[in-house]
Amino acid sequence: MTDPVDIHVGQKLRKRRLELGMTQPELARAVGVRFQQIQKYETGQNRIAASRLWRAAGALNVPVCHFFPPFSDETAETAGKHRPDAGRCQQKPMKNRGLSPDDR
């Protein structure tokens, strides 16, 4: 059964790709997969790995948190027990597609 979060992430991926006028093959090359895999991500049929989501965010010039649904008050409250800023997207769009040496 497909998880609703996977569907949401895929829809956001597709929406942003189309906003930029990017094709599935172009995004696939940037992410390091075949375009058929991008199709599966966009429909929520397959889950996208964190490393590939990171690359997709860079290619689409958005922060990784762009792809996730906003937390409900209850979810943010629970998450906030671990991190006070949980539930808020505070990342800036990625300028480059890779990690800097300091991030490795």
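Throughout, read-outs are computed from the coordinates displayed, never taken from laboratory work. Here the structure is a predicted model, which is why all the values come from computation and not from measurement. As a convention, Cβ positions derive from the backbone with ideal geometry for all residues, glycine included, and neighbour counts pool all protein chains shown.
Please give me, ordered by residue number, the GluC sites (Glu not before Pro) of region 1-76 that lie in loop per DSSP and have at most 10 other Cβ atoms within 10 Å. Passing sites in region 1-76 do not exist. Taking label positions 7 Å along the Cα-Cβ direction at both residue 40 and residue 22, the computed distance is 2.0 nm, reported to one decimal.
Here r is the Cβ-Cβ distance between residue 5 and residue 49 and R0 is 22 Å; the resulting FRET efficiency, rounded to 0.05, is 0.95.
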